[in-house]
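A short write-up of the structure that comes next.
Where a number appears in this text, it was derived from the coordinates with a stated rule and is not lab data. Computed from a predicted model, the values in this text were never measured in an experiment. Cβ placement follows ideal geometry from the backbone for every residue including glycine, while neighbour counts extend to all protein chains displayed.
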Amino acid sequence: MYHIKFSEKIRNAAPGLRVLAIEAAVENPPTPDSLWLDIEKENETIRNNCPLESVNKRPAIAATRAAYKKLGKEPNRYRPSAEALCRRAVNGKGLYRLTTLIDFINLLSMKTGHSIGGFDADKIVGEVLTLDSGHHEEKFHAIGRGLLNIENLPVYRDAIGGIGTPTSDEERTKLTPETSHLLMLINVYDKTEDIEALRKLTLDLFQTHCNPRSINTSITSI
């Protein structure tokens, strides 16, 4: 498993943060109908039970937004990915059907409210990941978004540079149909969350939809 370190800025902004890491051998084919059906059901559940004005008040989303504010980032301009997904559901926009791993992570993120990083572990350089605050003019090519201003966003860095934020992950380590080694990082900013229940839910859904092999999990706390 990767060793995760936290900068002093992150420690001060999110003293209750825990990171649930899951690493596994995987395949990443087109999303099967069974997974897509679960996503559509979750979309409908959110749309019917979560008014737009209450999306950012879900505990996991609210805790992530609070960390953004403490770091000096405006969460209404740079929404955490879980919030953006849930807002799409409430607005009836749905999701794009992509690949199994990406859509599984989106499903889990909508269910839990946690922003989740999904990385092709074979493209990560080194065995240490540091969670820090983004720097001014730091280059970060967000997936499908181009250059993203990550100043004051929480950002994971490997030996080369940034690979993921709660708003978007980086092109360099993104999941593709060729991905065979997954690293998933679930950022639990809500200190009241039952992380063992979260781990069980995650593994149950992971095994149901992704047929993973050689699964390893770890929890790193500040």
Point to revise | Qualifying positions in region 114-161 - part of a strand (DSSP E or B), farther than 17 Å from Lys9 by Cα and of a type in the set (Asp, Glu) | key: Asp120
Point to revise | Test for Leu153: is it over 18 Å from Glu74 (Cα atoms) and not charged (D, E, K, R) | key: no
Study note, to complete from the structure: Subset of region 7-17, residues of a type outside the set (D, E, K, R) and either surrounded by fewer than 19 Cβ atoms within 10 Å (Cβ to Cβ) or assigned to a loop (DSSP other than H, G, I, E, B) (or both), comes to Ser7, Asn12, Ala14, Pro15, Gly16, Leu17
Point to revise | Residue pairs meeting the criteria (Cβ under 7 Å; at least 6 apart or on separate chains; first touching a residue at least 24 places away in the same chain (Cβ under 8 Å) and within 20 Å of Ile61 (Cβ to Cβ), in region 188-204; second among the hydrophobic types (A, V, I, L, M, F, W, C) and surrounded by fewer than 16 Cβ atoms within 10 Å (Cβ to Cβ)) | key: Ile195/Ile219
Check your understanding: If you go through region 41-63, how many residues are surrounded by fewer than 13 Cβ atoms within 10 Å (Cβ to Cβ) and of a type outside the set (A, V, I, L, M)?
Key -> 7
Point to revise | Whichever residue in region 18-38 is part of a strand (DSSP E or B) and among the aliphatic types (A, V, I, L, M) and, among such residues, is surrounded by the fewest Cβ atoms within 10 Å (Cβ to Cβ) | key: Ala25
